[in-house]
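Each remark here refers to the structure printed beneath this line.
The values are calculated or read from the model by the stated rules, or taken from the named source; none is laboratory data. Remember, it's a predicted structure, so these values are computed and weren't measured experimentally. Surface accessibility is based on the protein's heavy atoms, side chains included, excluding ligands, DNA and RNA. Shrake-Rupley method; radii C 1.70, N 1.55, O 1.52, S 1.80 Å.
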Amino acid sequence: MSHHTYKHVELTGSSEKGIEEAVQNALAKAAQTIQHMRWVEVVDTRGHIEDGQVAHWQVTVKVGFTLE
């Protein structure tokens with residue numbers, strides 16, 4: 001069994017289309033600088049309202065990755 005040490009960061013992604021895309025946007029941006037991402041945990045979901053409808057979503061996630 002291998003032993004890993006993990007670090008995690010908290011990120012907030014946004015999207016006009018939906019919650020899942022907001023998560024994917026956060027992960028895509030993180031992948032530009034973070035290697036070995038292993039897990040994601042949604043910790044908060046918000047919507048910005050304009051004219052009585054959700055104009056865009058904001059989703060805060062914790063992303064865990066292994067250290068080299």
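Ordered from highest to lowest accessible area with the whole protein assembly present and a 1.4 Å probe, 33, 66 read as 33, 66.
Shape analysis of the chain based on the Cα gyration tensor places the equivalent ellipsoid semi-axes at 29, 10, 7 Å, largest first.
Given contacts defined as C-alpha pairs under 8 Å and at least six residues apart, what's the relative contact order of region 5-67, whole-number percent?
Details: 127 pairs, mean separation 30.2, N = 63.
In percent, rounded to a whole number, it is 48.
Rounded to the nearest 10 degrees, what's the angle between the helix 19-31 long axis and the longest principal axis of the chain, both from Cα atoms, 0 to 90? That works out to roughly 40 degrees.
Rolling a 1.4 Å probe over the protein chains gives residue 59 an accessible area of about 0 Å².
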